[in-house]
Every structure is written in structure tokens, then in C-alpha cells.
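Report on the structure given below.
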Amino acid sequence: MRTRTIIPMTDASLLTLTQWLSPAFPVGAFAYSHGLELAISDGHVRSADDVFAWLEQTLTIGGGKVDAWLLSMTLQGADADDMAQLAQAVAGTRERWEETVQQGTAFAKTVSQMSGVEYPARALPVAVGLAARTLDLAPKTVIALYLSSYMSNLVSAGVRFVPLGQTDGQVILARLHPLIDALAERAVHATQSSLTTSAFAADLASARHEDMDVRIFKT
């Protein structure tokens with residue numbers, strides 16, 4: 001007699017979240033570099049160590065931290081309209097805002113079509129947070145996987161544009177894992193008053209990227 005494998009709810013939720021955050025999910029993440037393209041073009045980022053250092057700052061004090069805080073507060077049940085307005089207020093540049101809202105709009109559209117539940121277009125971390133409220137997962141797990149996806153996309157941008165070898169990219173991502181875990185742990189208790197950002201070089205790169213004559217990334 002054949003036996004039927006029953007997947008626990010947490011496992012099903014984990015598979016769903018992994019699908020949402022995979023490179024195959026149609027949000028167009030591959031088209032964005034978060035200002036990294038400008039930093040590489042200017043010669044500030046030339047090696048695997050340079051890419052790691054740039055992404056470390058982006059993760060811990062820049063866009064990564066901002067997204068982790070917005071995602072966490074949304075998961076905690078914060079009003080989605082308030083979070084959407086906050087996301088716009090803390091976007092350092094026009095490109096940064098376009099990056100997060102365009103991906104969030106695509107994410108919400110696809111999840112709505114898949115689930116039959118209408119999710120509004122929001123900045124990406126808010127859109128993911130709203131959808132992830134339905135999953136049987138610990139907030140830290142959601143935040144950590146979101147940040148891993150975020151960093152994976154930027155590592156891929158670095159691999160393509162520096163350029164680096166594929167192994168270099170994987171080493172960079174592995175080095176970021178402890179930082180991702182630590183930030184996700186802190187973000188679980190995120191509040192609006194504790195939301196800060198100070199990655200000025202990344203913001204300046206994002207602002208200057210708008211005027212690049214030749215570019216392969218949208219941001």
C-alpha cells in the first residue's frame with residue numbers, strides 16, 4: 001500500500017516563502033543593482049573583498065536594514081498604509097524608491113493571481129510582509145530569507161559586472177550569512193523609532209546612477 005506524505009504547515013509555508021523570494025519569481029530583481037553598478041564603474045568596487053565590504057554596509061546600515069525593519073513592522077501587524085508611507089519617506093533617492101515599489105508591485109500582482117486574494121501594490125518589504133502574515137513561519141525566518149534574497153541579487157550583480165567568478169560570489173554570500181542572521185534577530189523587535197540608515201555612499205551612488213550615460217541596471 002502506498003503511503004501519503006503529509007507536509008507540516010511550517011514546511012508548506014517555508015516552500016511558499018522560498019518560491020516568493022527565489023530568482024525565478026517575476027519581480028525583475030535581476031535588473032537592479034542598488035547603486036552597485038555606479039560604484040563598480042567609478043572603480044570603488046574592484047574585487048570580491050570590495051563587493052563584500054559594499055554589501056556589508058548596505059545590509060547592516062543601509063537599504064538592507066531599512067527593508068528588514070519595514071518587513072518586521074508589517075509582520076507585527078502595523079498598518080499597511082502607514083508602512084507604505086514610511087517606505088517612501090526613507091527611500092534615499094528616486095531610483096531607490098522606484099526599485100522597491102516596482103518590485104513590490106510585481107510581487108503583489110503575482111501573489112494575488114496565485115492566491116486569489118487581492119494584495120495592494122506596496123514597496124517590496126511591505127508587500128512581502130503583508131503576504132507573509134498568512135504563513136506559519138517565525139518572523140525571524142521570514143526576515144532572514146528576505147535579506148538572503150536581497151543580498152543574493154546584489155552578489156549576482158557584482159559577479160556579472162566586476163566581473164567575478166561564480167565561486168567568488170558564493171563565498172561572498174556565505175560571509176554575509178552571519179550578518180544576515182544577526183540583523184534578522186535584531187529586526188524581530190523593530191520599531192519606527194529604532195529605524196535608522198547611514199549608508200551615504202550607497203545613496204550617493206544611487207543618485208548619481210540616474211545620470212550614467214551607459215548602464216545595464218535600472219538602479
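Observations on the model:
- Residues satisfying the stated conditions in the range 176-207, i.e. within 19 Å of Ala48 (Cα to Cα), open to solvent by 30 Å² or more (accessible area, probe 1.4 Å) and under 15 Å from the mean Cα position of the chain (by Cα): His177, Leu179
- Only listed residue being β-branched (Val, Ile, Thr), within 20 Å of Val155 (Cα to Cα), at pLDDT 90 or above and over 14 Å from the mean Cα position of the chain (by Cα), chosen from Val66, Val27, Val90, Val45: Val45
- Hey, Ser112 assigned to a helix (DSSP H, G or I) and open to solvent by 30 Å² or more (accessible area, probe 1.4 Å) or not: no
- Condition check for Ala89: assigned to a helix (DSSP H, G or I), buried (at least 24 other Cβ atoms within 10 Å of the Cβ) and out of contact with any Leu (no Cβ under 9 Å at 6 or more places or on another chain): no
- Single residue of the range 69-86 satisfying the filter (within 14 Å of the chain's Cα centre (by Cα) and hydrophobic (A, V, I, L, M, F, W, C)) that is surrounded by the fewest Cβ atoms within 10 Å (Cβ to Cβ): Trp69
- In this entry, Ala132 passes the filter for residues that are within 23 Å of Ser194 (Cα to Cα), open to solvent by less than 30 Å² (accessible area, probe 1.4 Å) and touching a residue at least 60 places away in the same chain (Cβ under 8 Å).
The values are calculated or read from the model by the stated rules, or taken from the named source; none is laboratory data. Source: prediction; values computed, not measured. Ideal geometry is used to build each Cβ from the backbone, glycine not excepted, and the neighbour counts take in all protein chains shown. We work out accessible area using only protein heavy atoms, side chains counted, and drop any ligands, DNA or RNA first. Shrake-Rupley method; radii C 1.70, N 1.55, O 1.52, S 1.80 Å.
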